[in-house]
Amino acid sequence: MTTTAPFPAPAKTVAEPDIVEAEHIGKVFHRDSFEVVALEDVSLTIARGDFVALMGPSGSGKTTLLNMIAAVDRPTSGTMRVMGQDIYRLNDREAARWRNEKIGYIFQTFNLIPVLTAAENVELPLLLTRLSKGERREHVETALRLVGLQDRMGHLPKQLSGGQEQRVAIARAIVSDPAILLADEPTGDLDRQSAAEVLEIMTRLNQEFRKTVVMVTHDAHAAGYAHVTRHLEKGHLQA
Amino acid sequence: MTLTGFTAKSALRNRRRSLLTILSIAFSLLLLTLMMAVWRGFYLTKGTPAGARRLMVRNRTSLTFPLPAYYGQKIAAVPGVKAVAPALWFGGVYKNNKPQNFFAQIGTDPKTFFQVYPDYGIPPAQWAAWRRDRAGCVVDARLMAQHHWHLGQHLFIKGTIFPVTLQLTVDGVFHAPPGFEAIYFNQKYLQKAMPPLTSIAGMFYVLTDSSKNVSRVERTIDGMFQNSPAPTRSETERAFFLGFVNMLGNIKAFILAISLAVVFAILLVSANTMAMSIRERIREVAVLKTLGFTQRGVVGLFVGEAVAIALLGGILGTAGAAGLIAMGGQSPQGALLKAFTVTPGIVAAALLVAVVVGLVSAALPAWRAAQHSIVEGLRHAG
């Protein structure tokens, strides 16, 4: 099932290839002697600049599909091209580098490093780049300013509210200027107000900065921020 | 922030645990450093160039059996011998039996003693004064400072082996290597009080003309007295010293056993800390890998943490050992410690052990953590 959101997708200026092209993706987990089919014959395309919500009940395969797009998990069958790259042809090292450069990942539980300040958490992905200290600082400040936390740079995660932690996590996801943002239940641990702030930021990133956003959510209200909502049911993508 | 900064912050994230680990490693490496200093002091220190030319000649049966005094003249006539000085252990008590008042008192011949020990550096005028003064003695500089003596000071030393109380005057000060602190007095003073001692010597100190001749002179002297009633045993100054050490038991095996136990203990402590720390951070590993850290990068971070903790412990431990030896050497009870030194080489070796312990203790748990798939790691509740 596909629904259309109130926010229009930014108009494409020229014909661009789809940013995500998944074909016949299947994923089977082996748990003890059982086989669990997480995804079955999932084919999906996501256009550059889209804001897509993936919805479905628990165990429907939403997060598994998101992880496939991020190259943090590999399918049992099928192919996936993200930004033209057949990501399953990459070895672990190449995949790590690819994620660092191309993907911004936002977790439900923020997953900030507790001993690092907000600025240091945001800087973490940049430590793997060739950017100078000054350039990294500039990127970190820009990212934190975008999420409205420029005055919380020196705060540790425990000194921030849940909403602020998630905004730091968003800043960390965008600091390397990836083309695609993947968010796994980004508002799942937040109150309504904080959730709304986070969704506004993601909408702004999509509309102003043309980031492609793929968001897994249970929340129909959150999904309402997306241009397109795709439903998964028992590992099958609904038409 | 840098990766090094990240590693340092991570290493100290559980401050109490990190501190306890650092202290455990520090204590163990303090012991290891002391053991290495003892090993070096006993087995590796070569002594002075003159020391390499010296021989100690004693009764083959035991150090407690004397030699005839006339052996001195015979030894002096051996080709390659430059000077000979007799020595007799007095074994008296200065003031009381407290350890801080213990030092060696040895009767010798003032005329030849500093010919055999030119490296002890006594001022010629003081040596001359001692030669003129039958009741005089010369004192090692460290003993002089420890007891706040001065030239002209009168020392009363009550004999325990010989029923004589020496009343000596300090005529000179010399500088012996650490561990060789003693006072030397004119043996004629003792012989006058006990005439039978005129015909015996406890042992002889011999200086050869060249270190190359030491073995030959050694064999000649022992061969000369082989069939006499008092056969001799000649050995180098170093071998003589090690003979004393070996009286304590198999010191080498003792030091090796302690060192191995210490290294094994710190390995366990560090491995336990790292295993706990890494197990708690499986989820964090998954997050780092999601952000783009490679498996090798993750292993590097954890190993870096372990090495940082072990190095901190190592620095504390070696500093503690150096301080202990320095302070102990100052105290009267720690006279033996003066023979030991924590050299830069020992510090480097101890720190190398710390680095290796850090590497070995973290490598396996870090590698296993890095092997976890990201999906598994993100599900991890720890």
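Just checking, which of A:G104, A:G49, A:G163 is facing chain B (nearest Cβ under 10 Å) and open to solvent by less than 10 Å² (accessible area, probe 1.4 Å)?
From the options A:G104, A:G49, A:G163, the qualifying one is A:G104.
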query = Tally time: how many residues in region A:207-239 are farther than 10 Å from A:M55 by Cβ and part of a helix (DSSP H, G or I)?
reply = 3
task = Name the one entry in A:V42, A:V36, A:V28 that is in contact with a Phe, Trp or Tyr (Cβ under 7 Å, 6 or more places away or on another chain) and either of a type in the set (V, I, T) or closer than 23 Å to A:P178 by Cβ (or both).
result = A:V36
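Determine which member of the set B:T33, B:T61, B:T48 is within 22 Å of B:K212 (Cα to Cα) and polar (S, T, N, Q).
B:T48
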task = Return the total of residues in region B:12-38 being crowded, with 23+ Cβ neighbours inside 10 Å, within 16 Å of B:S277 (Cα to Cα) and not polar (S, T, N, Q).
result = 1
request  = Select from region B:291-322 the residues that are buried (at least 24 other Cβ atoms within 10 Å of the Cβ) and among the hydroxyl-bearing types (S, T, Y) and list them in ascending order.
outcome  = B:T318
ask   = Given the conditions (1) within 14 Å of chain B (Cβ to nearest Cβ); (2) buried (at least 20 other Cβ atoms within 10 Å of the Cβ), which single one is not true for A:R93?
value = (2)
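Pull up region A:146-201, narrow it to residues that are assigned to a helix (DSSP H, G or I) and acidic (D, E), then point me to the one that is nearest to A:A53 (Cα to Cα).
Out of the qualifying residues, it is A:E200.
Say whether the condition of being assigned to a helix (DSSP H, G or I) and buried (at least 18 other Cβ atoms within 10 Å of the Cβ) is met by at least one residue in region B:75-89.
yes
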request  = Answer yes or no: is there a residue in region A:177-191 that is more than 15 Å from the chain's Cα centre (by Cα) and surrounded by 21 or more Cβ atoms within 10 Å (Cβ to Cβ).
outcome  = yes
note = A:L146: passes all of (1) under 11 Å from A:V175 (Cβ atoms); (2) within 12 Å of chain B (Cβ to nearest Cβ); (3) open to solvent by 10 Å² or more (accessible area, probe 1.4 Å); (4) in contact with a Lys or Arg (Cβ under 9 Å, 6 or more places away or on another chain) but (2)
query = Do you know which of the residues in region B:278-298 that are touching a residue at least 40 places away in the same chain (Cβ under 8 Å) and among the aliphatic types (A, V, I, L, M) is nearest to the other protein chains (Cβ to nearest Cβ)?
reply = B:V287
ask   = In this structure, is A:L126 within 12 Å of chain B (Cβ to nearest Cβ) and free of Cβ contacts under 8 Å to residues at least 60 places away in the same chain?
value = yes
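Among what's in region B:226-277 and is of a type in the set (G, A, S) and touching a strand residue (DSSP E or B) at 6+ places or on another chain (Cβ under 6 Å), pick the residue that is nearest to B:M36 (Cα to Cα).
Restricting attention to region B:226-277, the residues satisfying the condition of being of a type in the set (G, A, S) are B:228, B:230, B:234, B:239, B:243, B:249, B:253, B:257, B:259, B:261, B:265, B:270-271, B:275, B:277.
If we keep only those that are touching a strand residue (DSSP E or B) at 6+ places or on another chain (Cβ under 6 Å) too, we end up with B:230, B:234.
On the way: B:A230: 39, B:S234: 29 Å.
Here the residue is B:S234.
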remark   = Note on A:A196: of the conditions (1) open to solvent by less than 20 Å² (accessible area, probe 1.4 Å); (2) of a type in the set (A, V, I, L, M); (3) over 13 Å from the mean Cα position of the chain (by Cα), unmet is (1)
ask   = On the given criteria, is A:I174 more than 12 Å from chain B (Cβ to nearest Cβ), of a type in the set (A, V, I, L, M), in contact (Cβ under 8 Å) with a residue 24 or more places away in the chain and under 21 Å from A:I19 (Cα atoms)?
value = yes
inquiry  = Going through B:L267, B:L288 one at a time, which residue ends up being at pLDDT 90 or above, part of a helix (DSSP H, G or I) and buried (at least 18 other Cβ atoms within 10 Å of the Cβ)?
reply    = B:L288
task = Looking only at region B:204-225, count how many residues are surrounded by fewer than 14 Cβ atoms within 10 Å (Cβ to Cβ) and under 11 Å from B:A77 (Cα atoms).
result = 0
inquiry  = Going by what's in this entry, would B:L30 be described as within 20 Å of B:F244 (Cβ to Cβ) and either out of contact with any strand residue (DSSP E or B) (no Cβ under 9 Å at 6 or more places or on another chain) or among the acidic types (D, E) (or both)?
reply    = no
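Would you list the helices (runs of 4 or more DSSP H) that sit entirely within region B:116-229 and hold 3 or more residues that are free of Cβ contacts under 8 Å to residues at least 40 places away in the same chain?
B:124-132, B:141-146, B:214-224
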ask   = Would it be correct to say that B:T343 is hydroxyl-bearing (S, T, Y), modelled with pLDDT of 90 or more and farther than 17 Å from B:V262 by Cα?
value = yes
query = Of the residues in region B:1-60, how many are among the hydrophobic types (A, V, I, L, M, F, W, C) and within 14 Å of chain A (Cβ to nearest Cβ)?
reply = 6
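The values are calculated or read from the model by the stated rules, or taken from the named source; none is laboratory data. Keep in mind that what you see is a predicted model, and the values were worked out from it rather than measured. Virtual Cβ from ideal backbone geometry, glycine too; neighbours counted across all protein chains shown. Note: accessible area is taken over every heavy atom of the protein model, side chains too, but ligands, DNA and RNA are not part of it. Shrake-Rupley method; radii C 1.70, N 1.55, O 1.52, S 1.80 Å.
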